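**Student:** So that we are looking at the same thing, I have put the structure below in structure tokens.
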Amino acid sequence: MPLELRTVTHRYGPGSPPVLRGLSFVFPEDCSLAVVGPSGSGKTTLLAIAGLLLAPSEGEVRIDGKEVSRGQAGELRTRLFGWVFQTVNVLSGRSVEDNAMLSLLARGTREEDARAAAQGALATVGLGEFGERRANSLSGGELQRLCIARAVAAKPRFLLADEPTGQLDGATTERVTRALIEGRPKGTTLLMVTHDPLVAAQCDLTLALQDGQLSIGGMA
Amino acid sequence: MSWRPRALAREAWLNVVTSPWRTSGLVLAMAAIFGGLVGLELGDANELTGFQESFVRSGGYVALGIPAEGDPGSAARCEALNDQPGVVAAGAVFAPELETLETAPGVLFQRAAVTEGALRVWDPRLRTVPAGGREMVVGLALAREMGLRVGSWLIPGGEEPALVTGVADVERRNPQVARWVLEVAPPAGAIEQCWVEFEPGAYEGGLAALPAVFTIGDEGAVARPYIRRDEFTRDPASEWESRPQKDGWPLAAGLVAGLFGLTAWFRRSELGLYLAVGTPRSSLMAMLAVEALVVVGFALALATGYAFAIDEALRHAPGWDEAGIVLRTAGSAALLALAVAPVLGVLVVRGSIAELLKDR
């Protein structure tokens, strides 16, 4: 059984209007999904709830048919999810390889194994020659690909990306999108929030979020 | 399923060394705080221990017991005080008298028979003690005036020549009479005075108990301090206890931990990243504890090093006691800072991870 949201409603503070309204959705496995929708429609909130970064005000998140409790969220987030954010978050003074190893080390992987996996992930996103360089010497697109490498190195079951190309130019967007879609490990479900219809079009399925509800199909 | 301890320690170390500007700024700021604390402690410790030493040297803990006149057992009881706890040295002075030297007619000097302990009270540095008989110790003033030294011969008032076996700086603690010739007598018979030097902590009690040692029946004895004290007399022990920095180390620890917390606040997107990749807050705190250990350790070493160097250049090399006191104060501050700093680091990254990651 895959990742499932069941009657999820979320409000930012009591009395505020709900961003998500009783949303239920079963995310198919081993495919790439783009979530599109107007600004403020709750795309990032949806991603944060699905990725167990945020607990919904109401409703539940289920993985493999089991409801995820608050106590389990941290452990499952570490074990099953990989993240790529719109803003590039790296340890800027550290080497590219150190950054790519981070998710693995956080999971308790031995350093040698983590380094080997990180080198493989960097090669997948086209940064195989950059391992020794400091992260702050990379361009914006290279940094975003580093973030993808960090996320996929741990072979997550769910790879969540929040507007990963939002701050990139056209050519770089193409490279980053390809790295995300084609570079993700086999069996990994990609859930990507994007405003870019060209990016969304490259995914297996596009999901539209509007008025707090998710539907299959739609335009960015 | 979290960080292996070795990997976490390596991560912390790399975070410290790959941010040289942040690390060196933090180390210097913390070193300034520790340095202030250490400098104050060293200054006070030096000043007070210096005063204490000069106070002891000048006889600050010496008392004089005056037995009842003609008490035949007073010499023995005086010398027996050497066996009492808290007594550094005690010795009796028999009735001194004025004499003149054969070799220098007209030069009057004070001659006295003393027990061996009295020589140790009057000049603690005196090594050679005369065996008695025709061996004598001369005071420093007389020795300088007459050109006497150890091995010289002295002919006091028509007697057989006596060998000078020691030159004692008796004037330091007995400055009333400048020229002394002393001979050691056995502790028997009546004495004029009993000089007793106490350890600083035993002085007050010893002084109070001293008259009872020489009181026989109704015959009262008295004791008095060699240096009289009044409200203007300094008390190094109470000054040390009331030094302001004694209670200042928690403040220093708070400032150091606060600096660490402040840098964690500026690093919250970086720390949020650790959380986002699945690092539990407990592991994050452990990582910050290792970082704090390295930074605080460097700062403490740097501060202590330059504070000691400056102190040595300005005053004198601190002794082990002073160094121990200083390191205990600074070490307490460092340990408290090490306990608090990682907690502050984790507190600044509480809340939504997504919000932390936005913050760059």
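The values are calculated or read from the model by the stated rules, or taken from the named source; none is laboratory data. None of the values given here were measured: they were computed from a predicted structure. With ideal geometry, Cβ positions are generated from the backbone for all residues, glycine too; neighbour counts draw on all protein chains shown.
**Student:** When you look at B:A299, is it outside any loop (DSSP other than H, G, I, E, B), modelled with pLDDT of 95 or more and within 28 Å of the chain's Cα centre (by Cα), yes or no? Walk me through it before giving the result.
**Tutor:** Numbers: outside any loop (DSSP other than H, G, I, E, B): yes; modelled with pLDDT of 95 or more: yes; within 28 Å of the chain's Cα centre (by Cα): yes.
Judged against the criteria, B:A299 is a match.
**Student:** Sticking with this one: Do we have A:T165 as in contact (Cβ under 8 Å) with a residue 12 or more places away in the chain, under 13 Å from the mean Cα position of the chain (by Cα) and farther than 28 Å from B:T18 by Cβ here?
**Tutor:** yes
**Student:** Has region A:134-155 got any residue that is in contact with a Ser or Thr (Cβ under 6 Å, 6 or more places away or on another chain), polar (S, T, N, Q) and surrounded by fewer than 18 Cβ atoms within 10 Å (Cβ to Cβ)?
**Tutor:** yes
**Student:** Based on what the data block shows, is A:L91 of a type outside the set (D, E, K, R), within 13 Å of chain B (Cβ to nearest Cβ) and crowded, with 19+ Cβ neighbours inside 10 Å?
**Tutor:** Working: of a type outside the set (D, E, K, R): yes; within 13 Å of chain B (Cβ to nearest Cβ): yes; crowded, with 19+ Cβ neighbours inside 10 Å: yes.
The answer is yes for A:L91.
Yes/no matrix, rows are residues, columns are (1) buried (at least 18 other Cβ atoms within 10 Å of the Cβ); (2) farther than 22 Å from B:A9 by Cα; (3) free of Cβ contacts under 8 Å to residues at least 60 places away in the same chain; (4) basic (K, R):
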position	(1), (2), (3), (4)
B:L262	no, no, yes, no
B:G272	yes, no, no, no
B:A276	yes, no, no, no
B:R281	no, no, no, yes
B:L288	yes, no, no, no
B:L314	no, yes, yes, no
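**Student:** Then there's this: Can you confirm whether region A:171-178 contains a residue that is touching a helix residue (DSSP H, G or I) at 6+ places or on another chain (Cβ under 9 Å) and touching a residue at least 60 places away in the same chain (Cβ under 8 Å)?
**Tutor:** Residues of region A:171-178 that are touching a helix residue (DSSP H, G or I) at 6+ places or on another chain (Cβ under 9 Å), as a first pass: A:171-177.
Next cut, touching a residue at least 60 places away in the same chain (Cβ under 8 Å) only: none.
Checking region A:171-178: not a single residue is touching a helix residue (DSSP H, G or I) at 6+ places or on another chain (Cβ under 9 Å) and touching a residue at least 60 places away in the same chain (Cβ under 8 Å).
**Student:** Now a separate question. Residue check, A:S69 against (1) touching a strand residue (DSSP E or B) at 6+ places or on another chain (Cβ under 8 Å); (2) more than 9 Å from chain B (Cβ to nearest Cβ); (3) surrounded by fewer than 22 Cβ atoms within 10 Å (Cβ to Cβ), all met but one. Which one?
**Tutor:** The failed condition is (1).
**Student:** Then there is this: Looking at this structure, is A:E111 farther than 15 Å from A:A161 by Cα, within 11 Å of chain B (Cβ to nearest Cβ) and surrounded by fewer than 19 Cβ atoms within 10 Å (Cβ to Cβ)? So that I can check it myself, show each step before the final result.
**Tutor:** Values: farther than 15 Å from A:A161 by Cα: yes; within 11 Å of chain B (Cβ to nearest Cβ): yes; surrounded by fewer than 19 Cβ atoms within 10 Å (Cβ to Cβ): yes.
Yes.
**Student:** If A:F81 satisfies all but one of (1) within 30 Å of B:R22 (Cα to Cα); (2) surrounded by 21 or more Cβ atoms within 10 Å (Cβ to Cβ), what's the number of the condition it fails?
**Tutor:** The single condition A:F81 does not satisfy is (1).
**Student:** Give me the pairs, please: first residue somewhere in region B:1-27 and surrounded by fewer than 18 Cβ atoms within 10 Å (Cβ to Cβ), second residue anywhere and part of a helix (DSSP H, G or I) and of a type in the set (K, R), beta-carbon distance under 9 Å, and either six or more positions apart or on two chains.
**Tutor:** B:M1/A:R79
**Student:** To continue, here is another question. What about B:A292, is it at pLDDT 80 or above and either away from chain A (no Cβ under 14 Å) or out of contact with any Cys (no Cβ under 6 Å at 6 or more places or on another chain) (or both)?
**Tutor:** On the way: at pLDDT 80 or above: yes; either away from chain A (no Cβ under 14 Å) or out of contact with any Cys (no Cβ under 6 Å at 6 or more places or on another chain) (or both): yes.
In short, yes.
**Student:** Next question. Do we find a residue being outside any helix (DSSP H, G or I), over 18 Å from the mean Cα position of the chain (by Cα) and within 14 Å of chain B (Cβ to nearest Cβ) anywhere in region A:122-132? Before you say what the answer is, go through the steps one by one.
**Tutor:** In the first step, residues of region A:122-132 are kept if they are outside any helix (DSSP H, G or I); the result is A:125-132.
Still in the list and also over 18 Å from the mean Cα position of the chain (by Cα): A:126-132.
Those still in the list that are within 14 Å of chain B (Cβ to nearest Cβ) too: A:132.
Yes; the residues of region A:122-132 include at least one that is outside any helix (DSSP H, G or I), over 18 Å from the mean Cα position of the chain (by Cα) and within 14 Å of chain B (Cβ to nearest Cβ).
**Student:** Still on this structure, please answer the following. Could you tell me whether any residue of region A:123-141 is under 23 Å from A:T44 (Cα atoms) and of a type outside the set (D, E, K, R)? Steps first, answer last, please.
**Tutor:** Here is the first cut: in region A:123-141, the residues under 23 Å from A:T44 (Cα atoms) are A:140-141.
Going one step further and asking which of them are of a type outside the set (D, E, K, R), we end up with A:140-141.
Yes, the conditions are met somewhere in region A:123-141.
**Student:** Restricting the search to region B:233-245, which residues are surrounded by 14 or more Cβ atoms within 10 Å (Cβ to Cβ) and part of a helix (DSSP H, G or I)?
**Tutor:** B:P236, B:E239, B:W240, B:Q245
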